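Derivation of every value follows stated rules applied to the coordinates shown; laboratory data play no part. The model shown is predicted, which means the values in this text are computed figures rather than measured ones. Because the Cβ atoms are built from the backbone with ideal geometry, glycine has one as well, and the counts that use them run over all protein chains shown.
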């Protein structure tokens, strides 16, 4: 298959988004670990990046259901039609640029907004402008994306609340030395969370690469190529290495001031919800899930100590990400199409 310069340029843009995604979401993976003083910021980011580098290759054993969902958001017949290749190329370029712009904007303001939903919103908005509503897979979009905007954070909140209450019951008569256990146990939990974050997030950009391959090959690809998995893993891990400290502050101390037991509960809850979502093929937001689990843990400990004003600001960013990224994707498609 001969792949032209435009393919490699767009592929480079995809992995630039993946890097920013890692940079943006690295804070969510290690925020509570750092806030509870279980590990220094640099050590935490390095350890998380090592796990995130390895995790994407798990699709070779477990399957790439999230990639399949992303690849199927727009009807494959629309973007694999050779007669409309220039439209398809413009569509995917606009979607990626919209997601990248949204990620950078929310990182600048320190909001743990969803990179996943920015990407999905940008691609669907651009797809609407390029191919019309009839070529959007509304079942996938509504069932595995929009519903999960509400279901995944709620699950994170409830699971975090339940785990912390359970830990309080188990440690009711424990000595203060139990804090040392939870401080060290967070290291394993951080690896669990980082693995599941990378496993879910890497598949989103792999799904976009599969769309690009479909555009240039004239038919949809059945499975992700190994080079795409490796590049996604490298870009995501590199971004994590230089994670956004503004978001670390928001999640780690801005919502609720966590101690080791709170961080342990939040990490465990977040990792479990993300893993369950990945197995269901849902491209969920680690930002949403980690933030909501911190809210749940804080509520279980002392709901009055949760900074609900910060939580409200985060909630607004969750709700506006898909529509605004979608509108930006549609606008950029119109602009790019003038020069296509």
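Averaged over residues, the count of other Cβ atoms within 10 Å places the peptides 309-316, 97-104 in the sequence 97-104, 309-316, highest first.
For each of 91, 23, count neighbouring Cβ atoms within 10 Å of the residue's Cβ, then give the residues from fewest to most.
So the residues, fewest neighbours to most, are 23, 91.
Assuming R0 = 35 Å, what is the FRET efficiency of residue 339 and residue 147, from their Cβ-Cβ distance, to the nearest 0.05?
Working: r = 37 Å, r/R0 = 1.05.
Once the sixth-power term is evaluated, E becomes 0.40.
Quick check: from the Cα gyration tensor, does the range 116-235 come out rounded (a/c under 1.5), prolate or oblate?
Oblate, because a/c is 1.5 or more while a/b does not exceed b/c.
Under the classification rounded if a/c is under 1.5, otherwise prolate if a/b is larger than b/c and oblate if not, where does the range 93-153 fall, given a ≥ b ≥ c as square roots of the Cα gyration tensor eigenvalues? Note, shape of the range 93-153 comes out oblate.
Taking each residue as 0.36 nm, the span from residue 86 to residue 276 lengthens on full extension beyond its C-alpha to C-alpha distance by 64.6 nm.
Just checking the listed ones, 82, 56, 224: in the Gaussian network model of the chain with Cα springs under 10 Å, the one fluctuating most is 82. Which one, 199, 168, 264, has the greatest fluctuation when you compute a Gaussian network model over the chain with C-alpha springs under 10 angstrom? Between 199, 168, 264, it is 168 that shows the largest mean-square fluctuation.
Of 42, 184, 172, the residue with the greatest mean-square motion in the GNM of the chain, using alpha carbon springs below 10 Å, is 172. Remark: spin-label model distance residue 154-residue 37 equals 3.9 nm, labels positioned 7 Å along the Cα→Cβ axis. Estimated from helical segments only, the mean residue ellipticity of the chain at 222 nm is -25500 deg cm²/dmol, where each DSSP H run of four or more residues counts as -39500 (n - 2.57).
Scale the Cα Rg of the range 5-339 by the rule-of-thumb value 2.2 N^0.38 Å and send over the ratio, two decimals.
0.97
Applying 1/(1 + (r/R0)^6) with R0 = 35 Å to the Cβ-Cβ distance of residue 169 and residue 315, what FRET efficiency is obtained, to the nearest 0.05? My answer for the efficiency is 0.75.
Classify the range 48-118 from the C-alpha gyration tensor, please: rounded if a/c falls under 1.5, else prolate or oblate depending on whether a/b exceeds b/c.
Details: a/c = 2.73, a/b = 1.22, b/c = 2.24.
Cα axes put the range 48-118 in the oblate bin.
Placing dummy labels 7 Å off each Cα toward the beta-carbon, the span from residue 223 to residue 188 is 3.3 nm.
Under 8 Å for C-alpha pairs, at least 6 residues apart: give me the relative contact order for the range 5-339, rounded to a whole percent. It would help to have the intermediate numbers written out before the result.
On the way: 647 pairs, mean separation 133.4, N = 335.
After rounding, I find 40 percent.
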